[in-house]
There are 2 protein chains.
Amino acid sequence: MKAFSLLMSEKDFHSITTAEIAKTAEVTEGLIYKYFKDKKDLLYQVLNEHFFEFQAKIENRIANEKTCVEQLEVIIFSSLESYAANRIFSKILLLEVRNSLDFFESGAYEMVRKYTRTVLKIIEKGIETGELKPETNPHILWKVILGAIEHACLGEIIFGRELDIDEVSTGIANIVFSGAKA
Amino acid sequence: MKAFSLLMSEKDFHSITTAEIAKTAEVTEGLIYKYFKDKKDLLYQVLNEHFFEFQAKIENRIANEKTCVEQLEVIIFSSLESYAANRIFSKILLLEVRNSLDFFESGAYEMVRKYTRTVLKIIEKGIETGELKPETNPHILWKVILGAIEHACLGEIIFGRELDIDEVSTGIANIVFSGAKA
DNA sequence: ATTGTGAGTAAGTGTTACTTACCCTATTGG
DNA sequence: CCAATAGGGTAAGTAACACTTACTCACAAT
């Protein structure tokens, strides 16, 4: 997994060969298949490991905030921060795994779903307490937020551009909470 | 290209073999390589074709709207509509091409960039005329809108779920323009 | 008449993900 | 104390696949 992560920082999943992974890890190709079902399984397990950290960190931070808006702001900021700090994880999650249907049956995707449920609860509570507009559709709000976060990271991951996390996260929060219309 | 498109409606890019494409098109494998550099090139050209239609339709519709907000609303609605009506195009654009760097050097990506520039101009004009808040960052606003659009389509493409275009597009527009905060 | 060109093919080739059958060493249970 | 077992590890495959090569045929232009 370490060797594979290293290679992922240099090139994309498909152009990494099993021979290369084995050589980097200083084992033989066959051994990889004692621990991983196939190459994709290796990808998913690396993602899983990173995702676990990511989720734990964010859920800790959320617990420190009281209002729904503050919690969502933390989610926006922390997500951007995590993506920026861990490009291999980002690359895998945002670019590599989605094109294969078996990802959506993997354990890694179960974590995504769990995370989504947590956020939806926060939004629903915000509507109940009157912090958010009563007509808000939680799923759509989450799609807007998550879509914005992920899209903001794409340029960084693909082209290696630097990302001003503070600027982008407050920018997203301003639009999502207060709207862009004057 | 037709044969390939047909196969794309059934399975993902990587699990389509050149032999299969050739058989479906009723030619030999070798002939594919007289017209396309490689399998990816075929993918990009199919995307290109669809993208051209997509862009032409939207730019026509934009021309009929006067205010910046109305134009952006048209973009949101039309994008969702196009993605929903053309799942192969959506699948290619949102899931298949992004994980390979050479897409970003392809002609198809040049169309994406051109489209982005058009939208950014609309946003900038909206700020000038006072329709949008003066502190709006055009790039971030576009990321929020595009991210929301693309994310809204993902469930549909991946799981084949139906998407209520009207509901989702007004939902996105409401949040983006008026904000979710009460 | 010759030459060139574009459509098309048959039969490769090298690479790659994955498999099989095997070895070696260390613990464990009788 | 020995045998059985199991786990870490390997070498040498194999099938499938993307892509190539070297060729044919038809036909249009010089």
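The numbers here are math on the coordinates, done by the rules we state, and not lab data. Fair warning: this is a prediction, and the values are worked out from it, not measured in the lab. As a convention, Cβ positions derive from the backbone with ideal geometry for all residues, glycine included, and neighbour counts pool all protein chains shown.
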> Once label points are set 7 Å from the Cα along Cα→Cβ at both B:Glu110 and A:Asn60, what is their separation, rounded to one decimal in nm?
Replying inline: 4.9
> For the protein assembly as shown, rounded, prolate or oblate, judged on the Cα gyration tensor with a ≥ b ≥ c (square roots of eigenvalues), a/c < 1.5 rounded, else prolate if a/b > b/c?
Replying inline: oblate
>> For region B:99-129 and region B:17-88, what is the centre-to-centre distance using only Cα atoms, to the nearest Å?
In response: 16
> Where in region B:70-108 does the label zone of B:Lys121 land, with the point 7 angstrom along Cα→C-beta and an amide N cut-off under 12 Å?
Replying inline: none
>> Taking loop as defined by DSSP and a crowding limit of 10 other beta carbons within 10 Å, which GluC sites (Glu not before Pro) in region A:1-66 fit?
In response: A:Glu10, A:Glu26
> Between B:Phe159 and A:Thr17, what is the spin-label point distance in nm, taking each point 7 Å from the Cα along the Cα→C-beta axis?
Replying inline: 3.9
>> Run lengths n ≥ 4 of DSSP H only: what is the helix-derived mean residue ellipticity at 222 nm for chain B, with -39500 (n - 2.57) per run over all residues, to the nearest 500?
In response: -23000 deg cm²/dmol
> Roughly what percent of Cα-Cα pairs across region B:8-154 reach past 27 Å?
Replying inline: 31
> Using 7 Å Cα-to-Cβ label points, what is the B:Glu26/A:Tyr33 separation (nm, one decimal)?
Replying inline: 4.0
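What is region B:1-117's relative contact order, in percent, from Cα pairs under 8 angstrom and six or more apart in sequence?
Working: 63 pairs, mean separation 33.0, N = 117.
Rounded, it is 28 percent for region B:1-117.
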> To the nearest whole number, what is the average tally of beta carbon atoms from other chains within 10 Å of the beta carbons of peptide B:167-178?
Replying inline: 5
> Expressed as an acute angle from 0 to 90° and rounded to the nearest 10, what is the orientation of the C-alpha long axis of helix B:39-63 relative to the principal long axis of chain B?
Replying inline: 30
